[in-house]
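What follows is one structure encoded as structure tokens, with my remarks underneath.
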Amino acid sequence: MAVNAFRTFPHRSPRRGMRRILPVLFSAVLLTGAAAGATDHTPGPVLSPGPRNVLLITLDTTRADHLSCYGSPVLTSPHIDGLAQRGVRFSRATAVIPLTGPGHATILTGLYPRDHGAIRNGVPMVREVPTLATILSSRGYRTAAFVSGWTLRRTLAGLDRGFDTFDDDMTDRYHMVNDQRMGDQTADHAIAWLKEHASEPFFLWIHLFDPHEPYTDHGLLLPANPTGLGDPPSREILRRYNQEIAFADRQVGRVLRALSTSDAAQETMIILTSDHGEAFGENGEKGHGRSLYQATQDVPFILVHPSLGQNRVSDLPVSTLDVTPTVLDLLDLLPITDSDGVALGQALQAPGSFAGRAIYQETFPGARKKFWRIFGPRLTGDPTLVAIRRGDWKAIFDPRRDRIEIYDLGSDPREQHDLSKEQTVRAARFRPLLAAHAERDWLPPSTETALSDADRERLESLGYVD
């Protein structure tokens, strides 16, 4: 497909361009070797004209291994499992940043955080950056978003651009304003909208915040998963986390049933993914946002489109960067210029060309308490950590301490054994890639002072204020 200039970046410096080129050059060197860790090299069916509508479902804070179709020992996600059987389930999907606002900005733009501007919760995107919603709206699509978490409110994330309807109301039936909206309420609103607009081309984004802490016990019976990996979790916190995922899965099922009974049933492609995962003590981390280990970076990614086949599992390296390029490609629309993502429909046609792909991850300091906001140093775009994943190999780099960790995810998926001292050649190859990525420029679209005191209190209650 041809590339068009859907956007330009007036805020980029010449230095920035070189920093974008360096990782590509180094990646090209790495790609000259044999592809690592990918075995799905069978081309898929030839692409054909397909659905005109788009349904995007994002599950907040959902790590892949807690969905039953990804090996959870308990049956948490029967409706999502059924969705996976209708399309392609990507077994190696990676989040770019372990934060809700920036993570969703990446999903809706196909850009790394410093390219769209939102590097942490409470810092919105640069307004000039096009999103999937602004592009589809300009093509005549009816667009709607129903979000469930405070961090995605329009004043914080800036993700409302391009949406005819952006429902971020966190008021419950008792007229209380909360940090989040329960998934059943979000699904109610989305289903009502779908019934009204199913006859016209639409882009519908539904965000379910339920798996985010604090975890609620919904009293659901979760039987053992006969195809699951490992034993059911015994810790109470994991049991409640699974309850939240199962509750969100039920809402996904409700939306899918509503879609199946509408005129749009055969005209809608479906993407389901997550902004990031969650840590439960792995590598000393609880929650998310501060580190880049797999507990917070492995996410589900399911794509349903008739041209791509059914009940298919791909081990291609994919990322949340790929949602927008994939949708635009499958709709036969021109891509966003300079997108960091990949059109997965094309990747599935030539999997050998993408098997050695390098995917970056990054995280930044959290918002600061009011005292340090006033007297502390100004917010910068300097990441606290960056990481790269290529095949089974992953490197995590601390640019402030010039420290690198190397893990073989094939033999050590929980990242218990740092091989940086043994894998010196590999560390030497990864280090310049990571250093170049860490030094990419960022021009802030706003500053943290744009946060109201109420917003800051909400972010602190969700664990996003240092």
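Normalise the Debye intensity by I(0) for the stretch 250-379, one equal point scatterer per Cα, no solvent, then take log10 at q = 0.11, 0.18 Å⁻¹ and round to two decimals.
-0.58, -1.13
Using the Cα centre of the stretch 136-252 as the reference point, and only Cβ charges (+1 on K/R, -1 on D/E), how large is the resulting charge dipole? Debye, rounded to the nearest 20.
Result for the stretch 136-252 is approximately 240 debye, rounded to the nearest 20.
Just to check I understand the Karplus step: with θ = phi - 60° and J = 6.51 cos²θ - 1.76 cosθ + 1.60, what whole-Hz values come out for the stretch 301-313, glycine and proline as x?
8, 10, 10, 10, 7, x, 6, 9, x, 10, 6, 10, 10
For R403 and R139 in one chain, what is 0.36 nm times their gap in residues minus the Cα-Cα distance, to one decimal in nm?
Working it through step by step, the gained length comes to 90.4 nm.
Could you line up F166, F209 from fewest to most neighbouring Cβ atoms inside 10 Å?
Ranking F166, F209 by Cβ neighbours within 10 Å, fewest first, gives F166, F209.
Going highest first, how would you order 266-275, 179-188 by mean Cβ packing within 10 Å?
The packing order, highest mean first, is 266-275, 179-188.
With both bridge residues required to lie in the stretch 53-354, what share of the DSSP beta bridges run antiparallel, to the nearest 5%?
Given both bridge residues lie in the stretch 53-354, the antiparallel proportion sits at roughly 30 percent.
Using alpha carbon centroids, what distance separates the stretch 78-124 and the stretch 271-317, in Å?
When both Cα centres are located, 9 Å separates them.
Consider all pairwise Cα distances in the stretch 241-300 and report the whole-number % of them above 16 Å.
Value for the stretch 241-300 (Cα pairs over 16 Å): 58 percent.
Let me test this: with uniform point scatterers at the alpha carbons of the stretch 53-354, what is the Debye-based log₁₀ I(q)/I(0) at q = 0.10, 0.12 1/Å?
-0.48, -0.72
So, with +1 on the Cβ of K and R and -1 on the Cβ of D and E, and no other charges, what is the size of the charge dipole of the stretch 53-354 about its Cα centre, to the nearest 20 debye?
80
A short reminder: the numbers here are calculations on the coordinates, not readings from a lab. Note that the structure is a prediction, hence the values are computed from the model and not measured. Ideal geometry is used to build each Cβ from the backbone, glycine not excepted, and the neighbour counts take in all protein chains shown.
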